[in-house]
Amino acid sequence: MLGFLKKPVVVTAEINMNLMALTVMGLISRLWGLSYPRAVVFDEVYYGQFVSLYMKRIFFVDDSGPPFGNMLLALGGYLGGFDGNFLWNRIGAEYSINVPVWSLRLLPALAGALCVPLAYQILIELQFSHCAALGAALLILLENSLITQSRFMLLESILIFFILLAVLSYLKFYNLQRHSSFSGSWWFWLLLTGVACSCAVGVKYMGLFTYMLLLAIAGLHFWHMIGDQNFSNVSLMCHFLARALALVIIPMAMYLSFFYVHLTLLYRSGPHDQIMTSAFQASLEGGLARITQGQPLEVAYGSQITLRNVLGKPMQCWLHSHTNTYPIRYENGRGSSHQQQVTCYPFKDVNNWWIVKDPGMQQLVVSNPPRPVRHGHIVQLVHGITTRYLNTHDVAAPLSPHSQEVSCYIDYNISMPAQNLWRVEILNRESDTDVWKTILSEVRFVHVNTSAVLKASALSGASLPEWGYRQLEVVGEKLSKGYHQSMVWNVEEHRYGKSQEQKEREVELHSPTQMDISKNLSFMAKFTELQWKILTLKNEDTEHKYSSSALDWITMDTNIAYWLHPTSGAQIHLLGNIVTWASANVAALVYTCLSLWYLVRRRRKIYDIPEGAWQPWVSAGGICVGGWAVNYLPFFLMEKTLFLYHYLPALTFQILLIPIVLQHLSDHLCRSLLLKSMFSALLVAWFSSVYLVYSTFSPVTYGEPALSVTELKDLRWKDSWNILIRKQ
Amino acid sequence: MSASDCHQPQGRPLTSRLGCSRTAADPAGLHLPACPAPHPPRTPSPSMRRARPGAGAPRMPAAGGGQAELGPRGGPLRQRESRRLPGGLARPAAPPAPSAGPARPAALALVTLLSFASRFHRLPEPPHVCWDETHFGKMGSYYINRTFFFDVHPPLGKMLIGLAGYLSGYDGTFPFQKPGDRYEQHNYVGMRGFCAFLGSCLVPFAYLIVLELSKSLPAALLAAFILIFDTGCITLSQYILLDPILMFFLMGAVLSMVKCNSCADRPFSASWWFWLSLTGVNLAGAMGVKFVGLFVVLLVGLNTIYDLWDLLGNLSLSLVMFGKHLLARVLCLILLPLALYTAMFAVHFTVLNKSGPGDGFFSSAFQSQLIGNNLHNVSVPEHLAYGSVVTMKNLRMAGGYLHSHWHLYPEGIGARQQQVTAYLHKDLNNLWIIKKHDSDTADLSDPSSPVEFVRHGDIIRLEHKETSRNLHSHQHEAPLTRKHFQVTGYGINGTGDSNDFWRIEVVGRKAGKLIKVLRSQVRLTHVATGCILGSSGKTLPKWGWEQVEVTCTPYLKESPNSLWNFEDHINPKLPNISLDVLKPSFAEILLESHMVMIRGNSGLKPKDNEVTSKPWHWPINYQGLRFSGVNETDYRVYLLGNPVIWWLNLVTIGLYLLIAVSTAVALKRGVQLTTELEELSRVVLRGGGQITLGWLLHYLPFFMMGRVLYFHHYFPAMLFSSMLTGITWDALLKFCAGFLSHSTTARKVYRGGFLALVLLITYSFYLFHPLSYGMIGPMASDPSSPMAGLRWMDSWEF
C-alpha cells in the first residue's frame, strides 16, 4: 500500500532546450511592448466592436465568419476586465483608460508566439533533422508580417496557430499509428487534430481549407491501410470509426457548441436585429420582444396585424398603404389604375396595420371565441387607417411592368371590379389545417382571381419615385416564378381588434399591443438561421485603399499601413521579410521541379534517393506545398475584397518548406565535402540576410522607433509599397 | 476508310489486325486500359451468355440467331473464337468480323433511325423565332451578309449555321428581331435541320461510346434510349442554337478518345492515328463553338496524361518510343486543334469584312479594315488641332471610348458631378472638343482664324460636346478603384477651373511635335495632381449604366490602360488626308478578339433582382426554359428534361458512387473475384470513371461561375450522366443476375430489369412528349389541361 514510501519519488524530466529557447524567443518577439501603440490599429476597429458587444451581451451578426475567433478576443477583454465602453469608429483613435489593451492583444500574441515551437515540432515529426527544424522555427520567428499580425487584436495569428496545431497533432498521431494504435497518446493526438481543426474553422472559414487537406491526407493514409492485409476487417472498421468520430463528428459538435455559447452569451437585442426573422428577434431580450410580448398567437378573423417581408433585404419592410394614389400616367407614359398606393415601408408606422376580414361577413372585430384563420382560407385584407381593401389586377406595376400592380381598391373606374380575395398559404405548415400563427408562420398571399402572389420587389433597392415617397414597390407576381423569399410574409405585431367604429379603431391602432405569450426558438432553429445569414449576407464589395489581388501576394507587391503616429513618423505596416518570401517561392519551385523529376525517374525504375528519404520528402511536400496551395489558390476564385494578410496561412506553410528543401539539397545533392561546406557557408550568408532584413524593417513592424523621412524613403524597396511620409 | 474502324464490321478485310482484342501471342506486360485482359479461351458461362440477346430480342429479331456466341462481354471472347475458327461457327449468316453478329449494326441502325425520327418530327414547327434563335439565327445571317458583329462565343457554331442557311437557300434577309417573329417565306428549315442533324448524331455517339467502354449491348442501348426519349435533348436539338453543335463535337471528341484508347495495343497504326487526330479535330470544334468546350479538352487532357503515365511505367517501352508517343499526342491533341482553331478565326475575319454592329468593341486599327466603317479608307485631318471635335479610344484590349452624359455620380461616391465613363459603342456622347487651357473656343470657331495644331507637351482642356462640361479630376476616390482619383465632367458651358487642365503627351516623342490621329499613342496627365487618365476596365453598377470606369491613376506605370488614341477627328478647316492605318497582324486580331470575348462573358452578370437559374437546380430538373409561347392560345414549347429520365440519372449517380466505392474497396482488400466480376469491376471503375469525370468536369465549374447561368448549360453534363446510367444499370443487373447463376431466373431478372427500364423511359416519353412537340390549349396549372396531372413540380411553367 505504502510502496511509494519505500522508494524515493523520482521525476525525470526531459527538457528540449531548443524548444524552450524558441518558445521564449517567440514570446519575447511577440509580447514585447504589446500595449504600444495605445491606439486602435487597423482591423481592431472591426473586431473591437464585437468585443464590446460581447461584453454588453448584445446580439450581433458578423458576416465575415463564425464566432469562435471573436469569442476568444472577447475572452481577452473579459480577463482584462473590459466593460465594453469604447467607441470603435476610427483607426488611430486613442484608447481610453478603461480599455485593457494588453490583455485584449494577449491571446493573438500568445498564439503567434507558439507558432514558433510548433513549426519546430512539425519538422521533427516530418522526420527532418533538428537543424532543419531550428531553421524553420527561426524563419517563422523572424518573419515581420507574422509578428505584426500577431501583436494586435486580429484573428490571423490565432488561425495560423490552430492550423499548425492540427497539422502537428495529425503527424504525431500518424507516427504513433505504426506501433501503438489505440493507445492513450494515439487517442489524444487524434482527438486534438479534430479539435484544432474545428477551432481553426471556428475562427475563420479559411480554416476549412486546411481541414479539408488533413481529411484528404487521412483518407489517403486510410486507403493504404485498406490495402494492408495485416489488418483484419474488424480492426479496419474500428480504425475507420475512430477517425470518423475524431475528424468529423467531434469537429461538427465543436462547431455547433461555438454557436451555442455565442447565442447563450448574446441574449440582448442589438444593432443587427433587423437582419434576422421576427421569430429570432422575438427571442432576444428587448427590441421586438418588448413589443410582441404577450400578443395573441393565432391570427383570427378581425385580427389587426402588421406584415413583414421575410426577405429583409436590402432592408426590412412592412406592407404599407397610404391615401395617396398611383399617378395616372408614369414618367414613361404608361398608365396606372390611379388607385391607392400599396408599398413596403422600412419603418414602423400606423399605416402598416392591416385587418384580416372574412369575405362573407361585414364585421372587423374578432368574434368570441375567435375564429382562427387556417392554411388555404380566403381572406380580405383591409388597410386599418383608410379601410380600403388590398387588391391586385392586370395592370402593370410601376417599376416592374411584367408584374401586376397592387393597390388598395377605390371605385374610380367602373370597368375594373374589385379583385380583393386572397388565399392564405402557410409555407412552413406541418399539416394542411395549420392555423396562421403570429411571427412563426411564413405566409404567402395568393390572389384568387389571377393567382398572383403578393411580393415586395425591393431586391435591387430601387425605390418608387417621389410620388411614392421613395418607399419600396409591392407587386403581384405570377406564382409560376417559383419560390422566393420576397413573396413570403409573416405577421409581426398582432392584436385582436375590438372597435366597431372606425374612429375607435384608429385610436386602437395607435395604441401599443399588449397581451401575453412568449415564444422560444430551439437552438437548432436559431443556429440554422444565424449560419445561413452569415453565409449569405454580403457586404457591398468595394475596393479598399489597401486591398490587393491574390497575384500581388507571392511577390509581396503590396503592403498595408496599420497605424501612423499622430505626430511623428512612427508607423506600423504589414510588410513581410522579403528575403524569406523570395526564398519560400524558390523553395516551392525547387520542390515541385525536383519532385516531378524524381517521379518520372521512379516511374522508369530509377531511384535517385533512398526509399527512406523519399517517404518524408513526399509527406513533407504533401503538407507544405499542399497547405500552401489550399490556402492560396482558392482566393483566385473569390470575389470578396482581399488583403495581404489573407496570404499569411499559406505563407507559413511555404516557409516550412524552405528548410526541408535545404536539408534535402545538402543531404542528397551536395555529394562532395567541398560542395557541402560551400553550401553551409551560403546558408550562413543567406540566414544573415534574413536577419538583416528583419532588423531593418523592425521599426515599421513594432512601430518603434520613429524614423526620419529619409530613413522611411530608404525602406521603400518596392515602388508599389505605400510607406506613409508626412509632408513637411 | 476501312482502317478507321476498331470495331465496326465494315472493315472486315482488315479486322484481323484492327480488333481491339489482343491475341494470346500479344507481348505481355502491356496494360491496355480499355481492352479487357486476355481470358483463357473458354466459352462464357451459360447464364451470362444468353442474357444480352434475350434482352435485345424484342427489338431485334435479327439477333435471335446469335445467342450461342453473344456473351454480355462476349465481344473480345468471340473475336478470338472466330479467329480461331475462321468462317464462324457453322453459321454462314454471321460474319467472322470482331464483336459483330448482326445485333450490333442492327441496334446501331435502330437507335440512329429512332434518333433522327424523334429529332426531325415536326421540325418546322413552330414557324416563328424561338428563344435564342433570335441571336444565333441573326448571327448566321450576318455571315451570309458578311457583316461584322461581336459575340461572346467563338465563331465556329455560328459560321456553320450560316453555312447551313446559305446552302439551304436562306438569303440572310430575315431580321430575327425577337422571339415570336414569324418566318413567313424565309427558309429557316435548313438551319434547323442542320442543328437537328447534329443533335441526332448524339444518340449513336453515346451508343458507341458506351458499347466501347462496357462491351455490353444492353448498356449501350439503355444509354441510347435515354437520350432518344429525353424531351430536353429533343427540344434543344430542334432549333437554331449552338448547343447541338457543341454537343456534337463534344461527344465526337469523347467517342474518338475512347476509340483511340481501345486501339492502344496497336499504336501508330492507321486507325490509331485516325482516331487520335479525330479527337484533336473534335476538340478544336468544341472549343470553336463555345468556351464550355474547354471542359472536354480537360477531360481528354487528363485521359492523355493518364495514358502517358501508363506508358512511362512500361519499362519494355524505350524512351525513344515514349518520346514518339508524346510527340504524336502533342501533334494531334495540341498543335492540330490550335491550328484548326486559328484557322476558323481566320475564316471568320475573312468572311466578315463589312462594318456592322460589333465594330466598337475593337481597336481603331482593326476597324479600319472593315468595309463601311468610318475608319475604312479613312480620310481625316491628319494632325490634331485646337477646336477639333474628336473621339478618344482607350488602348487596352476592348477598351471603350471616353464618354460622358448628363447623369451625375450618385451621392456618396466622390463628388456629385457629371459621370465620365468608357463606352464600347459609338455614340454622340463620345465627342469631345479640344481647347487651349487659357483661351476659349469662341475665337477658334471663327473660320477666318488660323489653325493652331496641338503639340506634344501642350496643356489642353477637353470639353464634352453634348453637355459642354470639361474633363475634370480631383482628389476624391474613384467609384470602384479606390486607389485612383475620380474623373468627372465639370463646369458650365466650358468654363471650369484649373482642375480641368491636362497635359497631352505622345509616347516616344519629343516636345513640340504634332499629334497624329489614330497613330499617336497619347497620354493625358492631370496637371494639378499629376495623375494619368485611364480606364480601369471595371464595370460600373447600375447608376453608371454598366459602362466602364474611367479614373485618374496616380501610379505612373506605363500600360495600355492609360493610353488613348484619337479616332474620329472633325475639323472643317483642315484638309482631309487619306490615311493608311497600321494594319494589325492576325495574331493581334486573334488576341484582341479573345480579350473582348472573355470580357463580354464575365460581363454577363445577373441583374440584381433577376431570379436566376442555379446549378443545383439542374440535375433535379427544377425549372425549364420557355422556348416559345406564353399564353394559352400560343404554340408552347418548354425545354424541360423528361423528369423520369432525369431523376433516374440523378439516382444513378448516387448508386454509381456506392458501387464504385465498394468495388474499389473490395479490390484494394484483395477480395478474390470471379472472372466475370473482375471484368464487371473494370467496366465500372475504368469506363464508368471516365464518364463520371466527364460529368463532373461539365457540371462543377458552373458553381464557380459568376455569369448568368441557364438551364441548358447542364445538357453536356446530362449526356455524360445518361451514359453513366446505361453503364451502371447494366452492371447492376448483371451483378444481381450473377447471384442467381445457373438458373433461368438469372436471365429473367436481367432481361426483366432491362425491359422495365426501357418501358419506363418510353412511357414517360409518351406522357411528356408535348413539351417538345408543342402544346396548345390551357396551361398545365389549369385542371382542364391535358398536361394538368403532369405538373409534378410547382416550378414547371408549361
Rounded to one decimal in nm, the spacing of the 7 Å Cα→Cβ label points at A:ILE15 and B:GLU125 is 9.2 nm
Chain A: longest segment with zero exposed GluC sites (Glu not before Pro), where exposed means DSSP loop plus at most 10 other C-beta atoms within 10 Å, is residues A:15-330
Longest chain A segment clear of trypsin sites (Lys or Arg not before Pro) sitting in DSSP loops (not H, G, I, E or B) with at most 10 other Cβ atoms within 10 Å runs A:179-537
Averaging 1/r across every pair of distinct alpha carbons in chain A and inverting yields a Kirkwood hydrodynamic radius, in angstrom, of 30.1 Å
Buried accessible surface, B vs A, both sides, probe 1.4 Å, in Å² to 100, equals 2600 Å²
Rh_Kirkwood(the stretch A:188-323) over Cα pairs, Å, one decimal, evaluates to 19.4 Å
Residues of the stretch A:596-643 that bury at least 20 Å² of accessible area, probe 1.4 Å, when all protein chains are present rather than the chain alone, are A:LEU599, A:VAL600, A:ARG603, A:ARG604, A:LYS605, A:LEU637, A:GLU639
Ordered by number, the residues of the stretch B:287-316 with at least 30 Å² less accessible area in the assembly than alone (1.4 Å probe) are B:TRP309, B:LEU312, B:GLY313, B:LEU315
Computed over the stretch A:10-73, the convex hull of the Cα set has an average projected area, in nm², of 8.0 nm²
With the charge dipole of the protein assembly as shown built from beta-carbon charges (+1 for Lys and Arg, -1 for Asp and Glu) about the Cα centre, the Cα from B:PHE174, A:GLY112, A:PHE152 projecting farthest to the positive end belongs to A:GLY112
Quick note, the stretch A:73-122: a/c under 1.5 would make it rounded; otherwise a/b > b/c is prolate and the rest oblate (a ≥ b ≥ c, C-alpha gyration tensor); here it is prolate
Classified through the alpha carbon gyration tensor (a ≥ b ≥ c as square roots of its eigenvalues; rounded if a/c is under 1.5, else prolate when a/b is larger than b/c, else oblate), the stretch A:357-450 comes out oblate
Quick shape check on the stretch B:607-704: root eigenvalues a ≥ b ≥ c of the Cα gyration tensor, a/c under 1.5 is rounded, otherwise prolate if a/b tops b/c, else oblate, and it reads prolate
Computed over the stretch A:145-195, the convex hull of the Cα set has an average projected area, in nm², of 3.9 nm²
Cα-Cα longer than 24 Å, checked against A:LYS545/A:LYS713; B:LYS290/B:LYS324; B:LYS138/B:LYS393, kept in input order, equals B:LYS290/B:LYS324; B:LYS138/B:LYS393
One can check that the equivalent ellipsoid of the stretch A:14-144, built from the alpha-carbon gyration tensor with semi-axes equal to the square roots of five times its eigenvalues, has lengths in Å, largest first, of 34, 16, 13
With +1 at each Lys and Arg Cβ and -1 at each Asp and Glu Cβ, the charge dipole magnitude of the stretch A:294-517 around its Cα centre, to the nearest 20 debye, comes out at 220 debye
Percent relative contact order for chain A, counting Cα pairs under 8 Å at least six residues apart, stands at 14 percent
Output for the stretch B:455-558: GluC sites (Glu not before Pro) sitting in coil per DSSP, at most 11 other Cβ within 10 Å, listed by number, reads B:GLU558
Dividing the helical contributions, -39500 (n - 2.57) per DSSP H run of n ≥ 4, by the residues of the protein assembly as shown yields a 222 nm value, nearest 500 deg cm²/dmol, of -13500 deg cm²/dmol
Accessible-area loss of at least 30 Å² in the complex relative to the chain alone (1.4 Å probe) applies, within the stretch B:784-798, to B:GLU797
Given the candidates A:LEU637, A:LEU712, A:LEU648, the one whose Cα lies deepest towards the positive end of the charge dipole of the stretch A:595-728, counting +1 at each Lys or Arg C-beta and -1 at each Asp or Glu C-beta, is A:LEU637
Farthest towards the positive end of the dipole of chain A, among A:PHE222, A:LEU307, A:CYS670 and with Cβ unit charges of +1 on Lys and Arg and -1 on Asp and Glu, lies the Cα of A:CYS670
Given unit charges at Cβ for Lys, Arg (+) and Asp, Glu (-), the dipole magnitude of the protein assembly as shown about its Cα centre in debye, nearest 20, is 4280 debye
For B:LYS354 and B:LYS542, extending 7 Å from Cα along the Cα-Cβ vector and measuring point to point gives, in nm, a value of 3.9 nm
Heavy-atom accessible area per residue of the protein assembly as shown, all protein chains kept, 1.4 Å probe, expressed in Å², is 41 Å²
With +1 on the Cβ of every Lys and Arg and -1 on the Cβ of every Asp and Glu, the dipole magnitude of the stretch B:242-358 about its Cα centre, in debye rounded to the nearest 20, is 240 debye
Rounded to a whole %, the carbon-and-sulfur portion of the accessible area of chain A at a 1.4 Å probe is 63 percent
Note on the protein assembly as shown: C-alpha Rg/Rh, Kirkwood Rh, two decimals, gives 0.98
Checking the stretch A:546-578 for chymotrypsin sites (Phe, Trp or Tyr not before Pro) in a loop per DSSP with at most 13 other beta-carbon atoms within 10 Å yields none
Over all directions, the stretch A:294-517 yields a Cα convex hull whose mean projected area in nm² is 11.9 nm²
Per the beta carbon screen (other Cys under 4.7 Å), unpartnered cysteines of chain A come out as A:CYS115, A:CYS131, A:CYS197, A:CYS199, A:CYS238, A:CYS408, A:CYS593, A:CYS624, A:CYS670
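The values are calculated or read from the model by the stated rules, or taken from the named source; none is laboratory data. Because the structure is a prediction, the values reported are computed rather than measured. Every residue, glycine among them, receives a Cβ derived from its backbone with ideal geometry; neighbour counts consider all protein chains shown. Surface areas here come from the heavy atoms of the whole protein model, side chains and all, with no ligands, DNA or RNA. Shrake-Rupley method; radii C 1.70, N 1.55, O 1.52, S 1.80 Å.
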